[in-house]
Amino acid sequence: MYIPSFNRVENREAINAFIQAHSFATLITTNEGGIVASHLPVLLDEKTNVLRSHMARANEQWKHFAGAEEVLCIFHGPHAYVSPSWYEEQHTVPTWNYAVAHVYGKPALVDDAELKQIVFDTTAKFESPMPTPWTIPLSEQEITAMLKAIVGFKIDITRVEGKFKLGQNRSREDQDKMLRNLQNAPDAESRALAEFILAQRERN
């Protein structure tokens, strides 16, 4: 991924926090048939430096894992169009600001016990913010039957790239004007990007 120095995120803790907050990712693999992408909830285990997820058994992308040297998992954050009219110096061009993390690693399939844990951990992660978190009510027999329709996998992380393109190359005055316009934008994605920028300022 092309990353100018002022957009590069070197702090692994910041990247991990970003991944934890934006866990719906794009998994990209290649084989003789070409490039394939799937969109999946992905868990990051920071202690073991491993990604975990599952996909439908009917999705043959999992067959790409055999012999794969490396796969790519992209975690997408908020993004939005930025108008030159928002800058103090308007003799420039439009752009798009965003945050993203690319995680590369070696994939492997997991056994049924690990797959079950992935399903339970995924459910717990996304149910936990709910006012009344839902828990899986199925019997062991029902769970075993449903697990046959999916495939679990893990990715041992080999390298990570973080890019937060938030207008860092602009003056502070331009950045502040951009932020105010994002905060007042009619679309939720622009406002989400504004919140993300504010959070990064607080972190730094």
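The values are calculated or read from the model by the stated rules, or taken from the named source; none is laboratory data. Keep in mind that what you see is a predicted model, and the values were worked out from it rather than measured. Using ideal geometry, Cβ is built from the backbone for each residue, glycine included, and neighbour counts are taken over all protein chains shown.
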Q. Given segment 117-204, what helices (runs of 4 or more DSSP H) lie entirely inside it while holding 2 or more residues that are crowded, with 17+ Cβ neighbours inside 10 Å and under 17 Å from the mean Cα position of the chain (by Cα)?
A. 188-203
Q. Under 7 Å by Cβ, and 6 or more places apart or on different chains, what pairs join a residue from segment 28-43 that is without any contact (Cβ under 8 Å) to a residue 24 or more places away in the chain with one that is of a type in the set (Gly, Ala, Ser)?
A. 40/25; 40/53
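Any residue in segment 89-112 that is over 22 Å from residue 42 (Cα atoms) and buried (at least 17 other Cβ atoms within 10 Å of the Cβ)? Can you show your working first?
The initial filter retains those residues of segment 89-112 that are over 22 Å from residue 42 (Cα atoms), namely 89-97.
From what's left, buried (at least 17 other Cβ atoms within 10 Å of the Cβ): 97.
Yes: one or more hits.
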Q. How many of the residues making up segment 35-72 are in contact with a Ser or Thr (Cβ under 7 Å, 6 or more places away or on another chain), at pLDDT 95 or above and among the hydrophobic types (A, V, I, L, M, F, W, C)?
A. 7
